[in-house]
Amino acid sequence: MINPHREIYLFLQGRSETGLDIITNIFFKQLNSSSFVYLTNYYEKEDLFMDFMSKLFEKREYLLNLFENQENGLPSYIRLMASNFLKDRIKSLSDSREKAVFNNERLTYTEGRFEEVIIQIDAFKLSETLKKELKEDEILLLCYITAPDKKDFEEKYFSSVNKNALYKRVQRVKEKLRKVVVKHGFAQEVVGYYIEHLLPAKCKRGNADG
């Protein structure tokens, strides 16, 4: 029997497609309820869902920590989050940008919105994959590669390593990252999103575990 709480948690870790299905069902049940269904007169359903998923990804680390040792609660949390998100959208209809709706101008998002969210999902999967396939010191090297101030990072973590040895380590971890990406079929855009958005945040917190 499927455990919705567990599947959602696994999805947030990048390990369950079923979790995404459950979140999708929760969101659209909220959207199709009498309280929110009229929003679809002004927004495409899929656009609303994509925007909601972006909000969910912003809270991913928080949710993983909050529910780490819990056996239930995530479906209810997602339901409440979806409801609050839709309430905010209702309020936003009064904004000047969205008053155009009442002049028969239907609001739309830019093309590629769906693709952006898929890239985010895959980037989280890549993050979880690297936790398993790279050692901590290799993740630290990835942090070094993406560090805005490499000299400061070098002095902090690699002061005892000579330049030549450090260069060789960097090249090895780049090659290992490439092999992981190829092995699991991650797209270049996914790797880019991981390096630009996920890895720096973890490195900044000193959490070099992928």
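The values are calculated or read from the model by the stated rules, or taken from the named source; none is laboratory data. Note that the structure is a prediction, hence the values are computed from the model and not measured. Because the Cβ atoms are built from the backbone with ideal geometry, glycine has one as well, and the counts that use them run over all protein chains shown. To get the accessible areas, we keep the full protein, side chains included, count just its heavy atoms, and leave off ligands, DNA and RNA. Shrake-Rupley method; radii C 1.70, N 1.55, O 1.52, S 1.80 Å.
Side notes on the structure shown:
- Considered as a group, the residues in the stretch 138-169 that are touching a Phe, Trp or Tyr at 6+ places or on another chain (Cβ under 9 Å) and either at positive phi or charged (D, E, K, R) (or both) include one that is least open to solvent (accessible area, probe 1.4 Å), and that residue is E154.
- Taking residues in the stretch 177-193 that are surrounded by 14 or more Cβ atoms within 10 Å (Cβ to Cβ), and partners anywhere that are of a type outside the set (A, V, I, L, M) and not in a helix (DSSP H, G or I), the pairs with Cβ atoms closer than 9 Å and at least 6 places apart or on different chains are V180/F186.
- Of all the listed residues (I2, I78, I22), the sole one being among the β-branched types (V, I, T) and open to solvent by 80 Å² or more (accessible area, probe 1.4 Å) is I2.
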